[in-house]
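The values are calculated or read from the model by the stated rules, or taken from the named source; none is laboratory data. These numbers come from a predicted model, not from an experiment. No Cβ is skipped: glycine too gets one built from the backbone with ideal geometry, and neighbour counts run over all protein chains shown. Side chains included, ligands, DNA and RNA excluded: accessible areas come from the protein's heavy atoms. Shrake-Rupley method; radii C 1.70, N 1.55, O 1.52, S 1.80 Å.
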Amino acid sequence: MVKVAICHEGHINKSLDNQIIKLLFQDLNLDVNRVEFYGFGSKSNFYKKDYKIYKNLQMAIEEQEIERILFVLDADNEKDDTTFGGYTKTNTNLKTILFDLKLHSISDIYISCNPVNKVGNIESLLLSTISKEQKKCIDTFLECSEFKAKGNDKALLEQIYKLAYPNTPYNFQHKYFNEFKEKLQNLFVTK
């Protein structure tokens, strides 16, 4: 059976990206067994043409084991990372790499961020789908607690979200998930 590949930040089965993708597969009734997941670790690895996962992907494509690839990366913030940060840089730089590696014709890209300002990560996407009241509650807690994450508040936001809203952790019906769901479904569309 020919599979599709999903390449994401973090590690397989240990990252929020992987968890969200698998939950979206359940929501969409897609067969997760047809997917080969590749955890790239840090975002910078996506921009290394000689990265081992690219070699594995190219071999799997040559052997006709993989027919489509979806790359899932965080936009992050250009202010924090002038090399790889920002929606536009993330998209443009990855497209260049995929073109150079001759993977562009079977690949698609989804960039996780707050869809309104195109900044952030998967946690920003999740927070953008909750109500204004819920977001205000989280912001107020962070402000009054004066908790400062050491350089990275992604894990903190994820934990606060899960603690505050355990019964409805993710609103996959929100319009901000439409593009992500469409790209996942397109992996299985016959050309």
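Considering only residues that are at pLDDT 75 or above, of a type outside the set (D, E, K, R) and open to solvent by 70 Å² or more (accessible area, probe 1.4 Å), which ones fall in segment 160-179? Result: L163, Q173, N178.
None of I69, I97 is among the aliphatic types (A, V, I, L, M) and in a helix (DSSP H, G or I) except I97.
Candidates T92, T82: the one that is of a type in the set (V, I, T) and either in a helix (DSSP H, G or I) or modelled with pLDDT of 95 or more (or both) is T92.
Residues in segment 100-126 that are part of a helix (DSSP H, G or I) and buried (at least 20 other Cβ atoms within 10 Å of the Cβ): I122, E123, S124, L125, L126.
Close Cβ contacts (under 7 Å, 6 or more residues apart or on different chains) running from residues in segment 1-28 that are without any contact (Cβ under 8 Å) to a residue 40 or more places away in the chain to residues that are β-branched (V, I, T) comprise N18/I12; K22/V32.
Selection of first residues in segment 115-128 that are without any contact (Cβ under 8 Å) to a residue 60 or more places away in the chain and under 18 Å from E78 (Cβ atoms) and of second residues that are acidic (D, E) and open to solvent by less than 40 Å² (accessible area, probe 1.4 Å), restricted to Cβ pairs under 6 Å at least 6 apart or on distinct chains, gives the following pairs, ordered by first then second residue: N121/D74.
Keeping to segment 13-62, report how many residues are part of a loop (DSSP other than H, G, I, E, B) and surrounded by 14 or more Cβ atoms within 10 Å (Cβ to Cβ).
Narrowing segment 13-62 to residues part of a loop (DSSP other than H, G, I, E, B): 13-15, 29-31, 40, 42, 48-51.
Add one more test, that the residue is surrounded by 14 or more Cβ atoms within 10 Å (Cβ to Cβ), and what stays is 15, 30, 40, 51.
Residues in segment 13-62 being part of a loop (DSSP other than H, G, I, E, B) and surrounded by 14 or more Cβ atoms within 10 Å (Cβ to Cβ): 4 in total.
Answer yes or no as to whether S145 is modelled with pLDDT of 85 or more and of a type in the set (G, A, S). Outline the logic, then answer.
On the way: modelled with pLDDT of 85 or more: no; of a type in the set (G, A, S): yes.
Judged against the criteria, S145 is not a match.
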